[in-house]
Amino acid sequence: LGFTLVSLALLVAAGRRLFPGVMQVNVASFAMAVLLSTLSILALGFVVASLVPTARFAQPIGAAVLYPMLALSGLFFPVERMPLFLQAIAFMLPTTHAVSLLQGVWDGSGWGAHWASAVALLALFAAYSALATRVFRWEPNPRSPRPKPARSPGPERAAEWLPAADRRTCTASQFSWT
(Lines give C-alpha, C1' and ligand atoms only; values in the text may rest on other atoms or scores of the structure.)
Protein backbone atom coordinates (compact mmCIF):
# COMPACT_ATOMS: atom_id res chain seq x y z
CA LEU A 1 0.00 0.00 0.00
CA GLY A 2 2.92 2.31 0.60
CA PHE A 3 4.06 1.73 -2.97
CA THR A 4 0.56 2.61 -4.16
CA LEU A 5 0.59 5.90 -2.26
CA VAL A 6 4.06 6.84 -3.48
CA SER A 7 3.11 6.00 -7.08
CA LEU A 8 -0.08 8.02 -6.82
CA ALA A 9 1.79 11.00 -5.36
CA LEU A 10 4.34 10.91 -8.19
CA LEU A 11 1.60 10.67 -10.81
CA VAL A 12 -0.31 13.60 -9.30
CA ALA A 13 2.86 15.70 -9.11
CA ALA A 14 3.70 14.92 -12.73
CA GLY A 15 0.12 15.62 -13.82
CA ARG A 16 0.02 18.97 -12.08
CA ARG A 17 3.38 19.90 -13.54
CA LEU A 18 2.59 18.87 -17.12
CA PHE A 19 -1.09 19.90 -17.19
CA PRO A 20 -1.48 22.85 -14.78
CA GLY A 21 -5.07 23.76 -13.99
CA VAL A 22 -6.54 20.72 -15.76
CA MET A 23 -6.66 18.34 -12.80
CA GLN A 24 -9.50 19.56 -10.57
CA VAL A 25 -9.85 16.49 -8.36
CA ASN A 26 -9.85 16.01 -4.61
CA VAL A 27 -6.56 14.16 -4.29
CA ALA A 28 -7.22 12.85 -0.76
CA SER A 29 -10.59 11.41 -1.80
CA PHE A 30 -9.08 9.88 -4.91
CA ALA A 31 -6.20 8.41 -2.86
CA MET A 32 -8.68 6.77 -0.48
CA ALA A 33 -10.56 5.31 -3.46
CA VAL A 34 -7.29 3.97 -4.90
CA LEU A 35 -6.35 2.38 -1.56
CA LEU A 36 -9.76 0.76 -1.16
CA SER A 37 -9.57 -0.55 -4.72
CA THR A 38 -6.04 -1.83 -4.16
CA LEU A 39 -7.04 -3.70 -1.00
CA SER A 40 -9.92 -5.43 -2.76
CA ILE A 41 -7.82 -6.44 -5.75
CA LEU A 42 -5.02 -7.66 -3.45
CA ALA A 43 -7.52 -9.82 -1.57
CA LEU A 44 -8.44 -11.53 -4.84
CA GLY A 45 -4.73 -11.96 -5.51
CA PHE A 46 -4.37 -13.67 -2.14
CA VAL A 47 -7.09 -16.13 -3.15
CA VAL A 48 -5.23 -16.92 -6.36
CA ALA A 49 -1.93 -17.26 -4.47
CA SER A 50 -3.57 -19.62 -1.99
CA LEU A 51 -4.81 -21.88 -4.77
CA VAL A 52 -1.75 -21.92 -7.04
CA PRO A 53 0.30 -25.07 -6.43
CA THR A 54 3.74 -23.53 -7.06
CA ALA A 55 5.24 -20.11 -7.65
CA ARG A 56 6.08 -21.12 -11.20
CA PHE A 57 2.38 -21.14 -12.11
CA ALA A 58 1.48 -17.94 -10.26
CA GLN A 59 2.23 -15.53 -13.10
CA PRO A 60 0.27 -17.26 -15.89
CA ILE A 61 -2.68 -17.98 -13.61
CA GLY A 62 -2.61 -14.41 -12.31
CA ALA A 63 -2.61 -13.13 -15.90
CA ALA A 64 -5.48 -15.47 -16.76
CA VAL A 65 -7.47 -13.83 -13.95
CA LEU A 66 -6.31 -10.23 -14.48
CA TYR A 67 -6.93 -9.71 -18.19
CA PRO A 68 -10.54 -10.96 -18.26
CA MET A 69 -11.14 -9.02 -15.05
CA LEU A 70 -9.96 -5.83 -16.77
CA ALA A 71 -12.06 -6.58 -19.85
CA LEU A 72 -15.19 -7.03 -17.73
CA SER A 73 -14.54 -4.04 -15.45
CA GLY A 74 -16.18 -1.34 -17.55
CA LEU A 75 -12.86 0.34 -18.18
CA PHE A 76 -13.03 -0.13 -21.95
CA PHE A 77 -16.79 -0.29 -22.56
CA PRO A 78 -19.85 -0.02 -20.31
CA VAL A 79 -20.82 -3.03 -18.21
CA GLU A 80 -24.48 -2.35 -19.00
CA ARG A 81 -23.87 -3.26 -22.67
CA MET A 82 -22.62 -6.74 -21.79
CA PRO A 83 -24.83 -9.85 -21.76
CA LEU A 84 -26.50 -10.52 -18.41
CA PHE A 85 -24.29 -13.47 -17.48
CA LEU A 86 -21.16 -11.35 -18.04
CA GLN A 87 -22.68 -8.52 -16.01
CA ALA A 88 -23.22 -10.96 -13.13
CA ILE A 89 -19.59 -12.05 -13.32
CA ALA A 90 -18.40 -8.45 -13.62
CA PHE A 91 -20.17 -7.40 -10.43
CA MET A 92 -18.38 -10.14 -8.50
CA LEU A 93 -15.00 -8.69 -9.47
CA PRO A 94 -13.36 -5.80 -7.62
CA THR A 95 -12.18 -4.01 -10.75
CA THR A 96 -15.74 -3.26 -11.85
CA HIS A 97 -16.50 -1.40 -8.63
CA ALA A 98 -13.03 0.16 -8.54
CA VAL A 99 -13.50 1.63 -12.01
CA SER A 100 -16.92 2.98 -11.09
CA LEU A 101 -15.70 4.55 -7.84
CA LEU A 102 -12.51 5.99 -9.30
CA GLN A 103 -14.31 7.47 -12.32
CA GLY A 104 -16.92 8.98 -10.01
CA VAL A 105 -14.37 10.54 -7.67
CA TRP A 106 -12.33 11.80 -10.63
CA ASP A 107 -15.39 13.35 -12.32
CA GLY A 108 -16.35 15.12 -9.11
CA SER A 109 -19.53 13.23 -8.26
CA GLY A 110 -17.79 11.87 -5.17
CA TRP A 111 -18.37 9.01 -2.78
CA GLY A 112 -22.03 9.79 -2.20
CA ALA A 113 -22.98 9.03 -5.78
CA HIS A 114 -20.91 5.84 -5.77
CA TRP A 115 -21.45 4.57 -2.24
CA ALA A 116 -22.65 1.21 -3.61
CA SER A 117 -19.29 0.68 -5.31
CA ALA A 118 -17.45 1.51 -2.09
CA VAL A 119 -19.63 -0.90 -0.11
CA ALA A 120 -19.15 -3.57 -2.78
CA LEU A 121 -15.36 -3.11 -2.62
CA LEU A 122 -15.45 -3.52 1.17
CA ALA A 123 -17.67 -6.59 0.88
CA LEU A 124 -15.46 -8.15 -1.80
CA PHE A 125 -12.38 -7.41 0.30
CA ALA A 126 -13.97 -9.18 3.28
CA ALA A 127 -15.21 -12.12 1.20
CA TYR A 128 -11.96 -12.66 -0.68
CA SER A 129 -9.90 -12.30 2.50
CA ALA A 130 -12.07 -14.86 4.27
CA LEU A 131 -11.82 -17.23 1.30
CA ALA A 132 -8.04 -16.81 1.07
CA THR A 133 -7.74 -17.48 4.79
CA ARG A 134 -9.90 -20.56 4.41
CA VAL A 135 -8.03 -22.15 1.48
CA PHE A 136 -4.47 -21.17 2.44
CA ARG A 137 -2.35 -23.99 3.87
CA TRP A 138 1.17 -23.88 5.27
CA GLU A 139 1.75 -27.53 4.47
CA PRO A 140 3.89 -28.16 1.42
CA ASN A 141 2.21 -29.43 -1.69
CA PRO A 142 2.69 -33.23 -1.78
CA ARG A 143 3.05 -33.14 -5.58
CA SER A 144 6.08 -30.86 -5.45
CA PRO A 145 9.13 -32.66 -4.08
CA ARG A 146 11.15 -30.69 -1.60
CA PRO A 147 14.78 -31.43 -0.92
CA LYS A 148 15.47 -32.89 2.47
CA PRO A 149 17.56 -30.62 4.66
CA ALA A 150 21.18 -31.62 5.06
CA ARG A 151 21.93 -32.98 8.50
CA SER A 152 25.28 -33.12 10.12
CA PRO A 153 26.34 -36.72 10.66
CA GLY A 154 27.25 -36.44 14.31
CA PRO A 155 30.49 -37.80 15.72
CA GLU A 156 29.38 -41.44 15.58
CA ARG A 157 28.74 -41.28 11.80
CA ALA A 158 31.47 -38.84 10.79
CA ALA A 159 33.68 -41.60 9.38
CA GLU A 160 30.94 -42.46 6.84
CA TRP A 161 31.29 -38.99 5.31
CA LEU A 162 35.03 -39.35 4.73
CA PRO A 163 36.54 -40.78 1.56
CA ALA A 164 37.15 -44.52 1.72
CA ALA A 165 40.94 -44.12 2.06
CA ASP A 166 40.56 -42.00 5.19
CA ARG A 167 37.96 -44.19 6.89
CA ARG A 168 40.51 -46.79 7.86
CA THR A 169 42.65 -44.33 9.79
CA CYS A 170 40.02 -42.12 11.47
CA THR A 171 37.89 -42.81 14.50
CA ALA A 172 34.81 -40.99 15.71
CA SER A 173 36.66 -39.72 18.76
CA GLN A 174 38.90 -37.58 16.54
CA PHE A 175 35.96 -35.32 15.57
CA SER A 176 34.63 -32.59 17.81
CA TRP A 177 31.61 -30.38 17.28
CA THR A 178 31.50 -27.08 19.01
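The values are calculated or read from the model by the stated rules, or taken from the named source; none is laboratory data. Quantities reported herein were computed from a predicted structural model and do not represent experimental measurements. Counting neighbours? That spans all protein chains shown, and the Cβs are built from the backbone with ideal geometry, glycine included. Please note that ligands, DNA and RNA were not included when accessible areas were found on the heavy atoms of the full protein model with its side chains. Shrake-Rupley method; radii C 1.70, N 1.55, O 1.52, S 1.80 Å.
Numbers for the structure displayed
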{"read-out": "Packing-based order for 97-104, 61-68, using average beta carbon neighbours within 10 Å, highest first", "value": "97-104, 61-68"}
{"read-out": "Amide N of region 69-113 lying under 13 Å from the label point, which is placed 7 angstrom from the Cα of Phe19 along Cα→Cβ", "value": "106-107"}
{"read-out": "Stretchable slack from Phe3 to Val79, in nm (0.36 nm times residue separation minus alpha-carbon distance)", "value": "24.4 nm"}
{"read-out": "Leu11-Leu70 FRET efficiency (beta carbon distance; Förster radius 22 Å; 0.05 resolution)", "value": "0.70"}
{"read-out": "Sulfur and carbon atoms: percent of accessible area, region 1-147 [1.4 Å]", "value": "72 percent"}
{"read-out": "Accessible area per residue, Å², region 74-128 with all protein chains present, probe 1.4 Å", "value": "58 Å²"}
{"read-out": "Accessible-area ranking of Phe91, Phe85, largest first, probe 1.4 Å", "value": "Phe85, Phe91"}
